[in-house]
Amino acid sequence: MAQDPKLELYLAHRAALLDYATALLGDRARAEDAVQDAYLRFVPERAGAPALARPIAYLYRILRNLAWDQGRLRRADRRPEAEPAYWMQPETPRTPEQALLHAEAVARVAGVLEALPEKARIALEMQRFGGYTLEEIAARLQVSVPTAHRLVRDALLRIATDLPPGDMAEDNS
């Protein structure tokens, strides 16, 4: 019975392929699976594909690529999960007293922000909460960059003078 030349090549080199895959994967059982997968990828004939000049080298390359793919998958599975960002973690429950102190501190900050002149409040909110640059703030408020800087600086100074020192310190519990 005449066999397929690719099957004959595979059977003749199977032991060497298995040793090669075992060295790459470090596990004989996974190596056997990889050798079989490599053969299955080696066998199909593609229409119009030229004959392989070095079919055994091609089979080894298929096997190496499969081993690398398995290694990447194993490394990805073993990778420790990153600690979730602080804002994704559940908040520590506050006592009623802590919740009240926090609410009062937030109300004081909100009151100081409301008391600021409108352009100073907008400039401060854009810079501190929105991450805008002074150039962007100046363009939005239709003022010069130095004026935008002065608005932000004056607003910060007003907050610093109107709020008692350590006003938000109660929130660090």
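Can you tell me which residue among ARG72, ARG61 is assigned to a helix (DSSP H, G or I), open to solvent by 80 Å² or more (accessible area, probe 1.4 Å), at pLDDT 90 or above and under 30 Å from ARG30 (Cβ atoms)? I'd like the intermediate steps shown before the answer.
Values: ARG72 fails: at pLDDT 90 or above.
Testing whether each residue is assigned to a helix (DSSP H, G or I), open to solvent by 80 Å² or more (accessible area, probe 1.4 Å), at pLDDT 90 or above and under 30 Å from ARG30 (Cβ atoms) leaves just ARG61.
Can you tell me which residue is farthest from TYR10 (Cα to Cα) among those in region 83-100 that are at pLDDT below 85 and open to solvent by less than 90 Å² (accessible area, probe 1.4 Å)?
First, the residues of region 83-100 that are at pLDDT below 85: 83-94.
With open to solvent by less than 90 Å² (accessible area, probe 1.4 Å) added as a condition, the list becomes 84-85, 89.
Values: PRO84: 49, ALA85: 51, GLN89: 54 Å.
Only one residue fits best here, namely GLN89.
Find the residue count for region 129-151, including only residues that are outside any loop (DSSP other than H, G, I, E, B) and either free of Cβ contacts under 8 Å to residues at least 24 places away in the same chain or over 25 Å from ALA110 (Cα atoms) (or both).
Of the residues in region 129-151, the ones outside any loop (DSSP other than H, G, I, E, B) are 129, 134-141, 145-151.
Pick out the ones that are also either free of Cβ contacts under 8 Å to residues at least 24 places away in the same chain or over 25 Å from ALA110 (Cα atoms) (or both) and you get 129, 134-141, 145-147, 149-150.
Qualifying residue count for the region: 14.
Restricting the search to region 111-122, which residues are under 21 Å from ALA148 (Cα atoms) and either open to solvent by 40 Å² or more (accessible area, probe 1.4 Å) or part of a helix (DSSP H, G or I) (or both)? Step through it out loud before you land on a result.
Of the residues in region 111-122, the ones under 21 Å from ALA148 (Cα atoms) are 112-122.
Those that are under 21 Å from ALA148 (Cα atoms) and either open to solvent by 40 Å² or more (accessible area, probe 1.4 Å) or part of a helix (DSSP H, G or I) (or both): VAL112, LEU113, GLU114, ALA115, PRO117, GLU118, LYS119, ALA120, ARG121, ILE122.
Does any residue in region 101-112 that is closer than 13 Å to ASP162 by Cβ come within less than 7 Å, Cβ to Cβ, of a residue that is open to solvent by less than 40 Å² (accessible area, probe 1.4 Å) and of a type outside the set (Asp, Glu) six or more places away or on a different chain, and which pairs are these?
ARG108/LEU163; VAL109/LEU163; VAL112/ILE159; VAL112/LEU163
If you check LEU7 against the conditions, is it free of Cβ contacts under 8 Å to residues at least 60 places away in the same chain, open to solvent by less than 70 Å² (accessible area, probe 1.4 Å) and in contact with an Asp or Glu (Cβ under 7 Å, 6 or more places away or on another chain)?
Numbers: free of Cβ contacts under 8 Å to residues at least 60 places away in the same chain: yes; open to solvent by less than 70 Å² (accessible area, probe 1.4 Å): yes; in contact with an Asp or Glu (Cβ under 7 Å, 6 or more places away or on another chain): no.
So LEU7 does not fit the description; no.
If a residue has to be modelled with pLDDT under 90 and of a type in the set (Asp, Glu) to count, how many in region 9-58 make the cut?
2
Just checking, which of ALA23, ALA34 is within 22 Å of ARG74 (Cα to Cα), open to solvent by 70 Å² or more (accessible area, probe 1.4 Å), of a type in the set (Gly, Ala, Ser) and part of a helix (DSSP H, G or I)? Before the answer, list the steps.
On the way: ALA34 fails: open to solvent by 70 Å² or more (accessible area, probe 1.4 Å).
The conditions single out ALA23.
Residue pairs, Cβ under 8 Å, 6 or more apart or interchain, first in region 55-72 and farther than 13 Å from TYR20 by Cα and aromatic (Phe, Trp, Tyr), second open to solvent by less than 60 Å² (accessible area, probe 1.4 Å) and at pLDDT 85 or above. List them.
Sorted first by the residue in region 55-72, then by its partner, the pairs are TYR58/PHE42.
Mind listing whichever residues of region 29-74 are closer than 20 Å to ALA15 by Cβ and small (Gly, Ala, Ser)?
Within region 29-74, the first condition is being closer than 20 Å to ALA15 by Cβ, and the residues that meet it are 29-43, 54-64, 66-67.
ALA29, ALA31, ALA34, ALA38, ALA57, ALA67, listed by residue number.
Does VAL143 satisfy being open to solvent by less than 70 Å² (accessible area, probe 1.4 Å) and over 35 Å from the mean Cα position of the chain (by Cα)?
On the way: open to solvent by less than 70 Å² (accessible area, probe 1.4 Å): yes; over 35 Å from the mean Cα position of the chain (by Cα): yes.
Spelling it out, VAL143 is indeed open to solvent by less than 70 Å² (accessible area, probe 1.4 Å) and over 35 Å from the mean Cα position of the chain (by Cα).
Return the residues of region 154-170 that are assigned to a helix (DSSP H, G or I) and modelled with pLDDT under 75; say none if nothing qualifies.
Here is the first cut: in region 154-170, the ones assigned to a helix (DSSP H, G or I) are 154-162, 169-170.
Result: ALA169, GLU170.
The values are calculated or read from the model by the stated rules, or taken from the named source; none is laboratory data. Computed from a predicted structure; not experimentally measured. Positions of Cβ are generated from backbone atoms using ideal geometry, with glycine treated the same way; all protein chains shown enter the neighbour counts. In case anyone asks, the SASA skips ligands and DNA or RNA and just uses the protein heavy atoms, side chains included. Shrake-Rupley method; radii C 1.70, N 1.55, O 1.52, S 1.80 Å.
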